[in-house]
Amino acid sequence: MLVALALTGAIGPFATDTYLPALPLIVDEFSVTASVAQLTLTAFMIAMAAGQLVFGPLSDRLGRRGLLLLGSVGTLVAAVVCALAPSIEVLLLGRIAQGFFGAAGIVLSKAIVVDVGRGAGVAKAFATLMAIQSIAPVIAPLFGGAVVPFGGWRGVFWLLAALSAITLVGVLVAVPESLRPADRRTGGIASTLSDMGAVAGYGPFLARMSAFVFTFGVLFSYISASPFIYQNMVGLSPTAYAVAFTVNSLGILVSNLAGARLVGRFAPERILFTGVAGVATAVVYLAVVVALSPAGTLGLLPVTVGFLLLTLSIGLVLPNAAALSMQATRGRSGSGSALLGAAQFSLAAIVSPLTGLAGPHSALPMLLVMGTCMAVVLVAVRAMISRPLPAR
């Protein structure tokens, strides 16, 4: 079941990273500017954030499995529409649908884990989920690079359609309904908004969600700035950059797997605090490296050491912060998961352009964004210590 849930949650990052190598081909075929082609990526991210706000609360009332199946079918159909798109407008609509329905897997996989687990088991399951999902950003660029030369940009969407079909089969075979009718919420839109407001206003949830979301903000700052850091300031070729990015991505995978084993021995909070300390150390280290380097240049080894420490530490924070957030939803796990995912992707959309404000030869904006996000994480950790979750 965890593998099937991980696949549903991996559709989003896979549909993003696999698609990136195809953007220049879309520009050429439809005779549009690069910014217009990039709208298909922006719209996808916005639709994914909005979709989570719909599927999450709705699942608290209707159950999880039916909506998860709907999401899998929707992503399959949307991928086919994109693959056959005769114009940029149709492609844009297909990407919006793909993001919206792809949100179902992200939000409902978290809610289902909370439905069937408690305590440290939830944190362990989240670590396993994220370990599997961490493979997606590692292999997605490789898949995209392999498909585009033979199948063009449309081949990428046929690949995503095939992955959606596999995900659909996985849900049908391995994922039962996890929310009993007796546990479902009742009421209409007003009740739904009330549920989301109750979760968002609950201090322990807000603290744990902030730790998750703003740690992800640190990670996305690195992801957004890394092409310019490695290629323009370190001097790597695009191929060498792909290797360096893959090595750093493996850091998250390794720490996710380690975290899944550590949860049985240590409390999730303790592992999270250790990871936060590591992230803070990595940010300070990178700031020192940039300060001591000549303007516009950086060394490969010190930068990679900093980024690898960052990803290894983040892999300890995110699963445990997500698990603790979901356990603080007060019986409204669908609404809590929706808020968690929507905030995560909204912050990512804000962070991405900020890291490039000073141009492609400066790491200062990345460090400022990382530092700001890290300050919020530290405040959230302080709040977590002062507002512990009740034992359950």
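The values are calculated or read from the model by the stated rules, or taken from the named source; none is laboratory data. From a predicted model like this one, the values you see are computed outputs, not experimental measurements. Don't worry about glycine lacking a Cβ; one is built from the backbone with ideal geometry, like all the others, and counts go over all protein chains shown.
A few points about this structure:
- The set of residues in region 161-217 being touching a residue at least 60 places away in the same chain (Cβ under 8 Å) and charged (D, E, K, R) consists of E177, D183, R184, R185, D195, R208.
- Top-ranked residue of region 83-99 - restricted to ones that are under 22 Å from G334 (Cβ atoms) and surrounded by 24 or more Cβ atoms within 10 Å (Cβ to Cβ), ranked as modelled with the highest pLDDT: Q98
- Top-ranked residue of region 273-298 - restricted to ones that are surrounded by fewer than 15 Cβ atoms within 10 Å (Cβ to Cβ) and within 16 Å of P227 (Cα to Cα), ranked as modelled with the lowest pLDDT: G296
- Among (1) assigned by TED's automatic domain parsing to the domain that holds A6; (2) touching a helix residue (DSSP H, G or I) at 6+ places or on another chain (Cβ under 8 Å), the one test that R185 misses: (1)
- Residue in region 381-388 that is in a helix (DSSP H, G or I), at pLDDT 80 or above and within 30 Å of G63 (Cβ to Cβ) present: no
Conditions tested, residue by residue: (1) within 23 Å of the chain's Cα centre (by Cα); (2) within 17 Å of S333 (Cα to Cα); (3) at pLDDT 85 or above; (4) among the aromatic types (F, W, Y).
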{"position": "P149", "(1), (2), (3), (4)": "no, no, no, no"}
{"position": "R154", "(1), (2), (3), (4)": "no, no, yes, no"}
{"position": "F157", "(1), (2), (3), (4)": "yes, no, yes, yes"}
{"position": "L193", "(1), (2), (3), (4)": "no, yes, no, no"}
{"position": "M196", "(1), (2), (3), (4)": "yes, yes, no, no"}
{"position": "A207", "(1), (2), (3), (4)": "yes, yes, yes, no"}
{"position": "A211", "(1), (2), (3), (4)": "yes, no, yes, no"}
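- Whichever residue in region 260-272 is hydrophobic (A, V, I, L, M, F, W, C) and surrounded by 18 or more Cβ atoms within 10 Å (Cβ to Cβ) and, among such residues, is farthest from Q231 (Cα to Cα): V263
- Unmet requirement for F273, which otherwise passes all of (1) among the aromatic types (F, W, Y); (2) within 16 Å of A380 (Cα to Cα); (3) in contact with a helix residue (DSSP H, G or I) (Cβ under 6 Å, 6 or more places away or on another chain): (3)
- Filter result for the condition that a residue is in contact with a helix residue (DSSP H, G or I) (Cβ under 9 Å, 6 or more places away or on another chain), at pLDDT 80 or above and within 19 Å of M45 (Cα to Cα), over L318, L340, L367: L340
- Here V243 clears all of (1) touching a residue at least 12 places away in the same chain (Cβ under 8 Å); (2) assigned to a helix (DSSP H, G or I); (3) under 24 Å from the mean Cα position of the chain (by Cα) except the condition numbered (1).
- Residue match in region 296-312 (condition: in contact with a His (Cβ under 8 Å, 6 or more places away or on another chain) and touching a residue at least 12 places away in the same chain (Cβ under 8 Å)): yes
- When region 343-364 is filtered for residues that are surrounded by fewer than 20 Cβ atoms within 10 Å (Cβ to Cβ), modelled with pLDDT under 90 and either within 25 Å of T297 (Cα to Cα) or not hydrophobic (A, V, I, L, M, F, W, C) (or both), the ones remaining, listed by number, are S346, S352, P353, L354, G356, L357, A358, G359, P360, H361.
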